[in-house]
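Quick notes on the structure that follows.
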Amino acid sequence: MGQGTLTAVAEPKYWHLRTVLLRTMDAEFSTGQVMPNERELSARFGVARATLRQALDQLELEGRLVRRRGIGTLVAAPRVGIPVGDRESGRAGSARGQEWKVVDCTTATASAALARTLGIAEGEQVHTVRRLRIVQGVTVAAESLHVPAAGLPHLAVVVDENDRARGVLRQLERLGVDGESRSVELGVAESAEAALLERPPGTPVLVVTTQYAAAGRLAAVGVATYRADTCKLTFGESGAAVQVAAPAAATAAS
């Protein structure tokens, strides 16, 4: 096999400008400060308005800038550290010390994909609790918790979705969750999650999938979609931060 050569790829103008803007922001601006308008920035850096907008859009996507109607473009605050662990992340059935808001609770037959995830037969009944995680008044995540109905035989039949959701969480806690496994991947918000997070579809997100085990079997699976532009996730008792920057183009979450 012959030796290959790497061909240098020219850096797009907007990406170079993004780097220059980051250095300028770090050196001259503080959190919450309003940036100069597009006309001033274009003149200062000698670029076309279209190139500038691309760079600003990228920085907004990464959570470094925030646009406010009637105010302008502001330097965003640093990402909020969000603990993701047994107690901190809102362990299935227990939201003590956390701000979780139930959106709805449904019971339906499992699709082929969900059945494979839960290790059950396609068509079996599954309870799904959707809820929001709110930190400092801001919605930072939308979670779907899937629990096979067969695992909660004593769940009372109720009509009100909030009561049903509380019942599912209580019954799951009574099972005695004795093990968890967790994975994190980059993705983009699909329409449903984007609406809950009040962000445009395609917004970069961190998808945290948690499997809960009880009595040696899989009891539930939670899929939480966190805003990558405002969050950094922390794991373990030490609270060590794992920060994943929002990519320019994230792959779709499975």
- request: Grab the strands (runs of 3 or more DSSP E) fully contained in segment 44-88, keeping just those with 2 or more residues being of a type in the set (Lys, Arg) and over 19 Å from Lys232 (Cβ atoms).
  value: 65-68
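This table checks each residue for (1) touching a Gly at 6+ places or on another chain (Cβ under 9 Å); (2) open to solvent by less than 70 Å² (accessible area, probe 1.4 Å); (3) not in a helix (DSSP H, G or I).
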residue: Val168; (1), (2), (3): yes, yes, no
residue: Glu173; (1), (2), (3): yes, no, no
residue: Val177; (1), (2), (3): yes, yes, yes
residue: Ser181; (1), (2), (3): no, yes, yes
residue: Glu185; (1), (2), (3): no, no, yes
residue: Leu196; (1), (2), (3): no, yes, no
residue: Pro201; (1), (2), (3): no, no, yes
residue: Val207; (1), (2), (3): yes, yes, yes
residue: Thr210; (1), (2), (3): yes, yes, yes
task: Could you pull out the residue among Gly151, Gly119 that is over 19 Å from Ala192 (Cα atoms), surrounded by 14 or more Cβ atoms within 10 Å (Cβ to Cβ) and touching a residue at least 60 places away in the same chain (Cβ under 8 Å)?
output: Gly151
- request: Consider Ser144 carefully, then state whether it is within 25 Å of Val84 (Cα to Cα), within 13 Å of the chain's Cα centre (by Cα), in contact (Cβ under 8 Å) with a residue 24 or more places away in the chain and exposed (fewer than 14 other Cβ atoms within 10 Å of the Cβ).
  value: no
- request: Show the residue pairs that are 6+ apart or on different chains and have beta-carbon atoms under 7 Å apart, the first residue being within segment 182-204 and in contact (Cβ under 8 Å) with a residue 40 or more places away in the chain, the second being of a type in the set (S, T, N, Q) and open to solvent by 60 Å² or more (accessible area, probe 1.4 Å).
  value: Leu186/Thr251; Gly187/Thr251
- prompt: Is there a residue being touching a strand residue (DSSP E or B) at 6+ places or on another chain (Cβ under 9 Å), modelled with pLDDT of 90 or more and not hydrophobic (A, V, I, L, M, F, W, C) anywhere in segment 196-207?
  reply: no
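The values are calculated or read from the model by the stated rules, or taken from the named source; none is laboratory data. Please read these numbers as outputs of a predicted model, since none were measured by experiment. Cβ coordinates were reconstructed from backbone atoms using ideal geometry, including for glycine residues, and neighbour counts include every protein chain displayed. For the accessible areas, the whole protein counts, side chains as well, though only heavy atoms, and no ligand, DNA or RNA atoms are used. Shrake-Rupley method; radii C 1.70, N 1.55, O 1.52, S 1.80 Å.
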